[in-house]
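Enquirer: Can you read through this structure? Questions will come right after.
None of the figures in this text is laboratory data; all of them are computed from the coordinates on show. It should be emphasised that the depicted structure is a prediction, and the values quoted were computed from it without experimental measurement. Methodologically, a virtual Cβ is constructed for each residue, glycine included, from the backbone with ideal geometry; neighbour enumeration extends over all protein chains shown.
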Amino acid sequence: NTSATVQIEVMDNDPPIVGPDRSHELGEDRFVLEVNASDNMGVIEVWVVYQIDETTPLNVTMDPLTVDDGGNGTYGNVVVTVPLDRQVTIDYTLYAIDAAGRVKSLEGTYVKFDMEFPVFGEDGVNGEPVKGWELEFWVEVTDNHGVDDVRLEYWFGDGSHEDVGMEDMITTWNLTITLPRHPGGDLKYMFRATDLRGNWNNTVMRTLALINKVPEISESPLWEITEGQKDELDLSPYIEDLNDLRIDLSLS
């Protein structure tokens with residue numbers, strides 16, 4: 001004797017297992033999305049939706065890296081380029097779907113903070129700080145992500161501050177300024193640097209006393225004049241002031 005045929009529907013109530021999250025950095029400018037996924041009925045597909053800061057989210061299918069016949073294993077091969085010009089946050093959600101259509105997800109966040117400030121090396125001044133002359137400043141700056149901008153802030157006495165960008169000369173940053181002939185006091189200055197992620201640093205203030213060159217008088221020829229006659233003596237070829245156009249001359 002036999003019983004009636006009974007049809008039993010087998011239901012898969014177990015969603016996929018997503019994790020552990022194996023996402024990791026690759027160098028300074030890349031973030032690799034990678035995850036393990038498994039399921040008792042088999043994994044059909046794994047994908048990720050990620051967003052860099054406030055940009056549009058991207059949906060990317062992940063490649064099977066090391067999986068068995070049921071699709072259980074590691075998925076990845078999604079490489080995200082990390083901008084170097086700012087602090088970055090990447091929010092992402094990893095998804096897996098099994099043969100029964102059940103979906104499981106795992107959320108993650110990657111934050112790229114650069115806590116290192118630009119570092120100043122040697123610096124110096126080329127030339128004499130003579131009023132009215134040009135003076136060149138130079139400074140060495142390094143940073144783990146790269147230097148974006150270096151500036152010279154300078155002022156005279158209690159006067160207004162000037163903030164001028166310096167030129168990148170590969171090994172140093174340089175700037176040439178013209179010193180005023182009649183400054184309001186000694187030259188005060190500092191260097192400021194900003195890296196590619198917005199971190200900044202500055203040196204301590206330095207003071208440079210300015211020089212006012214005295215006029216130089218070379219030996220003039222003997223001035224012979226005849227009594228009762230008018231004569232002129234031009235001394236301009238024999239008098240030189242290296243940093244002032246005006247010369248007051250008195251004879252005694």
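Enquirer: So how compact is the stretch 17-112: Cα radius of gyration and Dmax in angstrom?
Expert: Rg and Dmax of the stretch 17-112, Cα atoms, are 13.6, 45 Å.
Enquirer: Please arrange 200, 133 by how many other C-beta atoms lie within 10 Å of their C-beta, fewest to most.
Expert: Details: 200 13, 133 16.
In order of increasing Cβ crowding within 10 Å: 200, 133.
Enquirer: At a 10 Å Cβ-Cβ cut-off, how would you order 93, 56, 81, fewest neighbours first?
Expert: Details: 93 16, 56 6, 81 9.
Lowest to highest Cβ neighbour count: 56, 81, 93.
Enquirer: Quick one: length gained pulling residue 86 to residue 226 fully straight, 0.36 nm per residue minus the C-alpha distance? Numbers along the way, then the final one.
Expert: Working: separation 140, 0.36 × 140 = 50.40 nm, distance 8.28 nm.
Here the segment from residue 86 to residue 226 would lengthen by 42.1 nm.
Enquirer: Now for a different question. Taking all pairs of distinct Cα atoms, average 1/r, flip it, and tell me the Kirkwood hydrodynamic radius of the stretch 46-93 in Å to one decimal place. Display every interim value, and only then the final one.
Expert: On the way: mean 1/r = 0.0818 Å⁻¹.
Taking every pair of different Cα atoms in the stretch 46-93, averaging 1/r and inverting gives 12.2 Å.
Enquirer: If you don't mind, another one. Sorted from fewest to most neighbouring beta carbons within 10 Å, what does the list 191, 137 look like?
Expert: Values: 191 25, 137 22.
If I rank by nearby Cβ atoms, fewest first, I get 137, 191.
Enquirer: Which value in Å does the Kirkwood hydrodynamic radius of the stretch 119-208 take, with 1/r averaged over all unlike C-alpha pairs and then inverted?
Expert: Working: mean 1/r = 0.0740 Å⁻¹.
Taking the inverse mean of 1/r over all distinct Cα pairs, the stretch 119-208 comes out at 13.5 Å.
Enquirer: Once phi is turned into ³J(HN,Hα) by the Karplus curve 6.51 cos²θ - 1.76 cosθ + 1.60 with θ = phi - 60°, what whole-Hz value does each residue of the stretch 56-66 show in order, with x for glycine and proline?
Expert: Values per residue, Gly and Pro as x: 5, x, 10, 10, 10, 6, 8, 7, x, 9, 9 Hz.
Enquirer: Can I ask one more? Regarding the stretch 12-62, what are the three Cα extents along the principal axes, ordered largest first, in Å?
Expert: So the extents along the principal axes, rounded to whole Å, are 41, 24, 14.
Enquirer: Using 1/(1 + (r/R0)^6) with R0 = 35 angstrom and r between the beta carbons of residue 5 and residue 102, what's the FRET efficiency to the nearest 0.05? Numbers along the way, then the final one.
Expert: On the way: r = 29 Å, r/R0 = 0.83.
Rounded to the nearest 0.05, the efficiency is 0.75.
Enquirer: Please list 3J(HN,Hα) in residue order for the stretch 138-147, calculated via the Karplus relation 6.51 cos²θ - 1.76 cosθ + 1.60 where θ = phi - 60°; whole Hz, with x for glycine and proline.
Expert: Listing the rounded values in order: 9, 8, 9, 9, 10, 7, 5, 10, x, 8 Hz.
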